[in-house]
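Encoded as structure tokens, the structure appears first; notes follow it.
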Amino acid sequence: MQRLLHRFCKGTGVKRLLPVAAFVLFLLLWQAGTSIFKVPIFILPAPSDILAEFASFGLHMLGHAGATLETILLGFALSILIAIPLGALIASWRLLSDALFPLIVFAHAIPVIALAPIIVVSLGTGLAARVVVVVLISFFPILVSTVTGLRATPADVLDLSRVAGSSHLQRLRMIELPGAIPFVFNGLRIGVSAAVIGAVVGEFVASDRGLGYLVVHSTTNFDIRRAMSAVVLLALISVMLYQSMEWLQKALFPWSLKAEE
Amino acid sequence: MDAIRFNDVTVQYRTRRGGAHTALKNFDLAVRDQEFISLVGPSGCGKSTVLRAAARLIAPTSGSIALEGERTLRGFERVAIVFQRPNLLPWLNVLDNILYPVRVLRRVSQEDRARASALLKMVGLTDASQRAPEELSGGMQQRVAICRALVLNPKILLMDEPFSALDALTREEIQFELRRIHEATRMTTLFVTHSVSEAVLLSDRIAIMSSAVGKAPILCQIELNERSEDVLTTEKFTTYARRVRNGIYGRSDAAVAA
């Protein structure tokens with residue numbers, strides 16, 4: 001049976017439609033489950049309830065989504081700007097690596113959720129505090145992937161470059177950094193998903209706008225339908241940002257996807 | 001005139017336990033200008049160490065290595081290297097991969113592009129210049145690696161088992177091609193291989209290294225009138241191959257020279 005299904009899916013567009021079909025089935029089961037078991041809306045709203053909420057409250061919710069997106073993008077951009085150059089320094093300077101890496105690992109081991117209220121006390125309730133939370137949570141995967149990617153350059157390629165007379169900077173620019181692209185994008189994909197979590201945590205702690213704030217505010221008023229709508233919107237943003245990293249990699253460095261395969 | 005001269009070269013590595021491993025001891029060898037010389041010998045005898053020391057990738061613990069053009073030439077103009085794997089850069093097309101050593105030293109000129117194209121033509125890959133490395137077969141990739149090594153017309157070409165990852169047919173084909181290139185350019189070539197027949201087919205001289213560290217290599221002059229497919233079955237070829245094997249397996253030096 002399994003072999004038959006596999007043969008049916010192979011070579012047709014069916015394989016591409018499978019995830020969509022699975023998602024639709026999941027929604028149908030959710031809808032049917034809430035109707036059959038008469039689950040109260042304040043415990044678990046049905047997909048149709050969430051859709052109705054989008055229809056009535058959608059525009060207002062988009063304003064909150066915009067605020068969250070602003071926090072995510074600012075924090076994520078800042079993470080990239082710090083993590084990639086720092087990764088290059090750490091990968092090429094052993095002493096700096098020995099000095100900084102344990103500190104960075106320790107900083108990453110601190111649960112950001114526990115740190116967020118302290119950051120708010122230090123930086124206030126504005127955008128800056130939320131952006132710092134995003135940076136703290138999304139910077140680490142980008143840094144580690146950059147360092148790993150730079151250190152993964154095959155020894156023979158580096159030797160060949162040395163014999164060709166390259167300087168350290170030339171090797172970094174012409175060999176190591178391009179070679180690290182597949183690793184860096186892996187880090188960006190993990191980092192952007194982490195950035196969404198960071199933005200929500202920041203908004204939980206101190207904000208009067210954003211989808212994280214909306215979730216807290218709605219649940220306080222037992223408006224689970226609105227809270228779930230905000231969560232669904234957050235998931236959509238997360239998927240969209242993750243996917244945009246794929247598109248960016250495909251558009252700018254198509255060879256790196258083949259290298260990953 | 002010697003293109004490379006190893007004078008009493010010793011190379012020692014530090015082991016993880018703090019000891020020292022001697023990879024090469026009191027090694028002497030003079031590689032003549034325009035000569036094709038192969039290094040053969042059992043695994044671990046120090047063939048690759050010799051090559052890497054000549055490329056200045058490792059510094060000798062004692063002794064010295066003199067290279068032709070050392071003071072006047074830079075990078076691949078002086079010494080070019082080809083490894084077992086082609087090591088092409090996947091983000092560059094074939095032509096840009098060939099031009100990489102030029103880019104390290106200076107801005108690429110029209111003449112450089114013309115030379116790279118001529119090299120591609122020489123190895124039968126004219127149509128591949130704009131293709132990505134992963135679109136090429138292993139043999140084609142290694143041909144591109146050879147073009148990259150030749151693009152700056154180096155004084156010395158170092159090759160570390162460059163054909164060992166290729167299938168037998170491609171390997172044979174590319175061996176003849178390399179010999180043809182050598183006859184056309186007369187570039188001094190130091191070639192490391194495990195294959196006795198490959199060494200005999202390609203070389204003007206073979207240096208047979210011993211697994212006993214510190215033992216001087218046995219030199220075997222190869223004089224073949226032609227280097228085509230027909231030579232492989234001649235008595236002269238098989239005699240040379242037998243002598244080299246005698247040397248590798250530690251039979252008497254006389255058996256090698258005879």
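The values are calculated or read from the model by the stated rules, or taken from the named source; none is laboratory data. Because the structure is predicted, anything quoted here is derived from the model rather than measured. Glycine also receives a Cβ, built like all others from the backbone with ideal geometry; neighbour counts cover every protein chain displayed. To get the accessible areas, we keep the full protein, side chains included, count just its heavy atoms, and leave off ligands, DNA and RNA. Shrake-Rupley method; radii C 1.70, N 1.55, O 1.52, S 1.80 Å.
Here are some notes:
- Of the helices (runs of 4 or more DSSP H) lying entirely inside the stretch B:90-137, not one carries at least 3 residues that are over 21 Å from B:Ala80 (Cα atoms).
- Sole exception among (1) surrounded by fewer than 18 Cβ atoms within 10 Å (Cβ to Cβ); (2) out of contact with any strand residue (DSSP E or B) (no Cβ under 8 Å at 6 or more places or on another chain) for B:Glu77, by number: (1)
- Boolean, B:Ile156 is free of Cβ contacts under 8 Å to residues at least 60 places away in the same chain and open to solvent by less than 20 Å² (accessible area, probe 1.4 Å): no
- Selected residue [open to solvent by 30 Å² or more (accessible area, probe 1.4 Å), touching a residue at least 12 places away in the same chain (Cβ under 8 Å) and of a type outside the set (S, T, N, Q)] from A:Leu143, A:Leu136, A:Leu169: A:Leu136
- Counting only strands (runs of 3 or more DSSP E) that sit completely within the stretch B:168-258, those holding 3 or more residues that are open to solvent by less than 40 Å² (accessible area, probe 1.4 Å) and in contact with an Asp or Glu (Cβ under 8 Å, 6 or more places away or on another chain) correspond to B:188-192.
- Counted residues, the stretch B:95-107 - those being away from every other protein chain (no Cβ under 13 Å) and either open to solvent by less than 40 Å² (accessible area, probe 1.4 Å) or touching a residue at least 12 places away in the same chain (Cβ under 8 Å) (or both): 1
- Candidates B:Glu77, B:Glu70 - the one that is in a helix (DSSP H, G or I), within 14 Å of chain A (Cβ to nearest Cβ), among the charged types (D, E, K, R) and closer than 30 Å to B:Asp8 by Cα: B:Glu77
- The set of residues from the stretch B:117-140 being open to solvent by 10 Å² or more (accessible area, probe 1.4 Å), closer than 20 Å to B:Arg85 by Cβ and within 14 Å of another protein chain (Cβ to nearest Cβ) comprises B:Arg131, B:Ala132, B:Glu134, B:Glu135, B:Leu136.
- Verdict on B:Leu92 being over 22 Å from the mean Cα position of the chain (by Cα) and within 11 Å of chain A (Cβ to nearest Cβ): yes
Conditions (1) away from chain B (no Cβ under 14 Å); (2) modelled with pLDDT of 95 or more; (3) open to solvent by 40 Å² or more (accessible area, probe 1.4 Å), marked per residue:
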{"site": "A:Leu188", "(1), (2), (3)": "yes, yes, no"}
{"site": "A:Phe204", "(1), (2), (3)": "yes, no, yes"}
{"site": "A:Asp208", "(1), (2), (3)": "yes, no, yes"}
{"site": "A:Leu211", "(1), (2), (3)": "yes, no, no"}
{"site": "A:Thr219", "(1), (2), (3)": "yes, no, yes"}
{"site": "A:Ser229", "(1), (2), (3)": "yes, no, no"}
{"site": "A:Ser256", "(1), (2), (3)": "no, no, no"}
{"site": "A:Ala259", "(1), (2), (3)": "no, no, yes"}
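- Residue among A:Leu241, A:Leu236 that is crowded, with 16+ Cβ neighbours inside 10 Å and of a type outside the set (Ser, Thr, Tyr): A:Leu241
- When B:Phe83 is tested against (1) within 10 Å of chain A (Cβ to nearest Cβ); (2) within 17 Å of B:Thr188 (Cβ to Cβ); (3) touching a residue at least 40 places away in the same chain (Cβ under 8 Å); (4) touching a strand residue (DSSP E or B) at 6+ places or on another chain (Cβ under 9 Å), exactly one condition is not met: (2).
- A:Thr153 passes every criterion in (1) within 11 Å of chain B (Cβ to nearest Cβ); (2) without any contact (Cβ under 8 Å) to a residue 60 or more places away in the chain; (3) not in a loop (DSSP other than H, G, I, E, B) apart from (3).
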